[in-house]
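J.: I'd like to ask you about the structure that follows.
The values are calculated or read from the model by the stated rules, or taken from the named source; none is laboratory data. Computed from a prediction, not measured in an experiment: that's the story for all the values here. All Cβ positions, glycine included, derive from the backbone under ideal geometry; neighbour counts span all protein chains shown. Side chains are part of the model used for accessible areas, which takes the heavy atoms of the whole protein and leaves out ligands, DNA and RNA. Shrake-Rupley method; radii C 1.70, N 1.55, O 1.52, S 1.80 Å.
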Amino acid sequence: ESSMPEYYALVREMCERNNIKMPRLYIVNTNAMNAFATGRNKDRAVVAVTRGLLEKCTPDEIKGVVAHELSHVVNMDILLMSAISILAGIISILSDTFWYSNVMRKTNERDNSGIMALIGMVLAIFAPLTACLVKMAISRTREYTADAKGAQICGNPLYLASALTKIKNDRIPLPNASQATAHLYISSPFKGNFLADLMSTHPNIDERIKKLEQMAA
């Protein structure tokens, strides 16, 4: 509040108007444009925005971004996606365990049928992939929901639509980006990577902008 009073006041005004508990605010020191929310509940919520976003966006655009992140807090999306990520990891571990245990057992038994090994291989490949696809689908759905709820919180869908346009055109990648935390951000932290876009936990940014403009209309 003392170091960035205008930004703090902007967030506090939205929180008070929407009866949302004020989260802790953090600034990520990078020129890349992005933001995220974290914290397992409303009492421990954190909203972080990059320095690049604060410098390149107007106050209304910043409202749109922060409102989107606040909606994740209100909807408890952080807890939901954490649980889904853990579940996906457990499925991958179990499929690997099934594969290796059956391969070793069948080798020891000198079973040449290969049926169990084949089943294990299929599970090892498709179980983690299915878990990943489910995670991506839920994450993308929650992003659309957060866009809509965020528009209500800030009062104008075009605030976020304008900010997303700038974020889309910003080609600066987020340093130290990780697939493990990519779903937290308002936009995929990976820039110009076709494979990362294909497997992204975020919906197409142009489609998000289109939906927000339709809301405004």
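J.: Kindly indicate the residue of the range 185-212 that is open to solvent by 80 Å² or more (accessible area, probe 1.4 Å) and more than 20 Å from Val66 (Cβ to Cβ) and also modelled with the highest pLDDT among those meeting that condition.
T.: Among residues in the range 185-212 that are open to solvent by 80 Å² or more (accessible area, probe 1.4 Å) and more than 20 Å from Val66 (Cβ to Cβ), the one modelled with the highest pLDDT is Lys210.
J.: When only residues in the range 27-54 that are in a helix (DSSP H, G or I) and hydrophobic (A, V, I, L, M, F, W, C) count, which is most open to solvent (accessible area, probe 1.4 Å)? Working first, answer last.
T.: Step one: list which residues in the range 27-54 are in a helix (DSSP H, G or I), which gives 42-44, 51-54.
When the remaining residues are screened for being hydrophobic (A, V, I, L, M, F, W, C), the result is 53-54.
On the way: Leu53: 0, Leu54: 32 Å².
So the residue we want is Leu54.
J.: Shifting gears a bit: Step by step: first the residues of the range 5-26, then only those that are touching a strand residue (DSSP E or B) at 6+ places or on another chain (Cβ under 7 Å) and open to solvent by 30 Å² or more (accessible area, probe 1.4 Å), then the one that is farthest from Ala161 (Cα to Cα). Which residue is that?
T.: Taking the candidates together, the pick is Arg24.
J.: Another question, if that's okay. Would you pick out the residues in the range 55-70 that are of a type outside the set (Lys, Arg) and open to solvent by 30 Å² or more (accessible area, probe 1.4 Å)?
T.: Once the filter is applied, which keeps residues that are of a type outside the set (Lys, Arg) and open to solvent by 30 Å² or more (accessible area, probe 1.4 Å), the range 55-70 yields Glu55, Thr58, Pro59, Asp60.
J.: Go through the range 164-184 and count every residue that is at pLDDT 85 or above and assigned to a loop (DSSP other than H, G, I, E, B).
T.: Adding up the residues that qualify gives 3.
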